[in-house]
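K.L.:
Have a look at the structure that comes next, please.
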Amino acid sequence: MTPQGPPSGRTTELAARALADPHLVYDPVVGDGPKDVVVLGSTGSIGTQAIDLVLRNPDRFRVTGLSANGGRVALLAEQAHRLRVRTVAVAREDVVPALREALAGAYGSGEALPEILAGPDAATQLAASACHTVLNGITGSIGLAPTLAALEAGRTLALANKESLIVGGPLVKALAKPGQIIPVDSEHAALFQALAAGTRADVRKLVVTASGGPFRGRTKQELAHVTVEDALAHPTWAMGPVITINSATLVNKGLEVIEAHLLYDIPFDRIEVVVHPQSYVHSMVEFTDGSTLAQATPPDMRGPIAIGLGWPERIPDAAPAFDWSTASTWEFFPLDDEAFPSVDLARHVGQLAGTAPAVFNAANEESVEAFRRGALPFNGIMETVTRVVEEHGTPATGTPLTVSDVLEAETWARTRARELAAQTAEARA
């Protein structure tokens, strides 16, 4: 967009920072005033917290579109009304009548209702709509198409959907301009901020922190009989069931290692995972001069969301700060790779690249679902994922990755993981 008249103060600042470090700033819209934002996955954990942040900062943000799967139409309608959005998108076409009814109930008589998009491509359509920033808070690899659509349309992408980067890394990187993706995961938002303190050549390693989940300190043998309820009892974070179980297996940390490699172009052997039970330090960057910068806040996702939506500006009081007058202890422990083999396996598939990360992610999603319904024991999640990855083998090299390659690999991995889970369930019966 070509600015009319002299550049604003914000435009001048963005230009200066972009010249200083191009990976930090991407601004698709020139001008002041509230940023137009689209929220994908608005009824989930990330989406609801993002909306809370927007409602507290109406001078900074204006939500123009919301998307959700369609399981909570009353909440979606309430959000649409409070934010006065132009468009609402749902993946499930069967809920459209209920959504229309909920919208009619939420809006007053005579108020114009928002446009409704419905179907599996609705979120993708919305991601390409006119706005400044798309917050992708969808869970799972179904977030890939909206991620690609937002990037192709030239939007800033606040990315909370790590799976789309995992399964479609080369596709995402081919479309993304410098600074166009702002990570919203707490760990990657931390790395993003710490990396601003030096050049890429100054970085010795990235240190990704893990809470250790509910089973920190347990051996592999002690994990054999944990229950779904045990796995869902995360000690520090409130998340959805799939992400919470991924935290219990530390698969989430393996995915974050792959994501860090893709986002920051740091080799896998320079990305370390350390267990930090308090979840105060969200990640660290070690520089070549021996200094380490740690980004720390109390565990609260509103901080990373604020970075994703507001960067390069910071949002005052976005999340709680530490009370430094109160004593506290911060601990760090090495990762137990025997009890939690997921991080090493993730590094392996990340180095294989191609469709291997998609296979890893899809097999894990199916295995987690099998665990939740009692078909797999807890340790069976990673045993199943490992076997699917091994059977998939080494991806072909020399040919560009395509979306159809990813979808085909995912379909095979899901089918094979379900078959193996069924075999395990039958053997245990």
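K.L.:
Give me a count of the residues in the stretch 320-354 that are small (G, A, S) and over 26 Å from L262 (Cβ atoms).
P.N.:
5
K.L.:
Looking at the stretch 383-407, which of the residues that are within 24 Å of the chain's Cα centre (by Cα) and modelled with pLDDT of 95 or more is surrounded by the most Cβ atoms within 10 Å (Cβ to Cβ)?
P.N.:
Once the filter is applied, the top-ranked residue is V385.
K.L.:
Taking A123, is it out of contact with any Leu (no Cβ under 9 Å at 6 or more places or on another chain) and closer than 12 Å to N69 by Cα?
P.N.:
No: the conditions fail for A123.
Here is a yes/no grid of residues against (1) free of Cβ contacts under 8 Å to residues at least 60 places away in the same chain; (2) closer than 30 Å to A421 by Cα; (3) in the same structural domain as H261 (by TED's automatic domain parsing):
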| position | (1), (2), (3) |
| --- | --- |
| A306 | no, no, no |
| A319 | yes, no, no |
| A353 | no, yes, yes |
| T384 | yes, yes, yes |
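K.L.:
Within the stretch 408-423, can you find the residues that are over 27 Å from the mean Cα position of the chain (by Cα) and hydrophobic (A, V, I, L, M, F, W, C)?
P.N.:
Within the stretch 408-423, L420, A422 meet the criteria.
K.L.:
For the stretch 382-396, which positions are in a loop (DSSP other than H, G, I, E, B) and not hydroxyl-bearing (S, T, Y)?
P.N.:
Passing the criteria: G393, P395, A396.
K.L.:
Next question, about the same structure. Residues in the stretch 61-79: is at least one over 23 Å from P146 (Cβ atoms) and either modelled with pLDDT of 75 or more or buried (at least 18 other Cβ atoms within 10 Å of the Cβ) (or both)?
P.N.:
Yes, that holds for at least one residue.
K.L.:
Would you please name the residue that is surrounded by the most Cβ atoms within 10 Å (Cβ to Cβ), looking only at residues in the stretch 200-213 that are over 21 Å from the mean Cα position of the chain (by Cα) and modelled with pLDDT of 90 or more?
P.N.:
Result: V203.
K.L.:
Could you identify the single residue in A306, A363, A358 that is among the aliphatic types (A, V, I, L, M), under 25 Å from R218 (Cα atoms) and surrounded by 22 or more Cβ atoms within 10 Å (Cβ to Cβ)?
P.N.:
From the options A306, A363, A358, the qualifying one is A363.
K.L.:
Further question on the same structure: May I ask you to list the residues in the stretch 41-60 that are assigned to a loop (DSSP other than H, G, I, E, B) and crowded, with 20+ Cβ neighbours inside 10 Å?
P.N.:
G41, S42, T43, G44
K.L.:
Sticking with this structure for a sec: Of everything in the stretch 83-127, what is over 30 Å from E369 (Cβ atoms), surrounded by fewer than 19 Cβ atoms within 10 Å (Cβ to Cβ) and aliphatic (A, V, I, L, M)? Give them in sequence order.
P.N.:
Residues satisfying the conditions are A104, A106, A112, L113.
The values are calculated or read from the model by the stated rules, or taken from the named source; none is laboratory data. None of the values given here were measured: they were computed from a predicted structure. All Cβ positions, glycine included, derive from the backbone under ideal geometry; neighbour counts span all protein chains shown.
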